Amino acid sequence: QVQLVESGGGLVQPGGSLRLSCAASGSTFRVRAMAWYRQAPGKQRELVAYITGAGSTTYADSVKGRFTISRDTAKNTVYLQMNSLIPEDTAVYYCNTYPPSQLLWGQGTQVTVSS
């Protein structure tokens, strides 16, 4: 069964860093574009960043210069390195394909930025 499992969230102070991980099952993910999305309380889910099978990356303006998406094809894992976190980054973070598959939304991982 195809599955995506997110981890690495937590509580961090403003200016801090976190690294999220997304472990994917299934070899097809190695060639698919993968993305991180987030949903803050009371807001719609939004795209944070995506990475193609060839390694090209694209970021939302709100995280450009602070977040870095990467992938380890040997481990079938996608990462999101988040630096200089601000309270507005507080959300549940999800990984999925890009564009997203409705069948692959998982539980996500909570990121809370607060002092």
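Before moving on, here are some points about what is shown:
- Residue satisfying all of: in the stretch 67-101; part of a strand (DSSP E or B) and surrounded by fewer than 16 Cβ atoms within 10 Å (Cβ to Cβ); farthest from the chain's Cα centre (by Cα) among these: 72
- Some residue of the stretch 3-22 being touching a residue at least 60 places away in the same chain (Cβ under 8 Å), of a type in the set (Lys, Arg) and in contact with a strand residue (DSSP E or B) (Cβ under 9 Å, 6 or more places away or on another chain): yes
- Qualifying residue in the stretch 53-66 (condition: surrounded by 13 or more Cβ atoms within 10 Å (Cβ to Cβ), over 15 Å from the mean Cα position of the chain (by Cα) and assigned to a strand (DSSP E or B)): no
- Of everything in the stretch 1-41 that is open to solvent by 80 Å² or more (accessible area, probe 1.4 Å) and modelled with pLDDT of 95 or more, the residue that is farthest from residue 102 (Cα to Cα) is 13.
- Residue count for the stretch 1-52 satisfying the condition of being among the β-branched types (Val, Ile, Thr) and in a strand (DSSP E or B): 4.
- Condition met for residue 97 (polar (S, T, N, Q) and closer than 14 Å to residue 47 by Cβ): yes
- Residues in the stretch 102-115 that are part of a loop (DSSP other than H, G, I, E, B), open to solvent by 30 Å² or more (accessible area, probe 1.4 Å) and out of contact with any helix residue (DSSP H, G or I) (no Cβ under 7 Å at 6 or more places or on another chain): 105, 107, 115.
The values are calculated or read from the model by the stated rules, or taken from the named source; none is laboratory data. Predicted model only: the values in this text are computed from it and were never measured. Please note: Cβ atoms are built from the backbone with ideal geometry, for glycine as well, and neighbour counts cover all protein chains shown. SASA here: full protein model, heavy atoms, side chains in, ligands and nucleic acids out. Shrake-Rupley method; radii C 1.70, N 1.55, O 1.52, S 1.80 Å.
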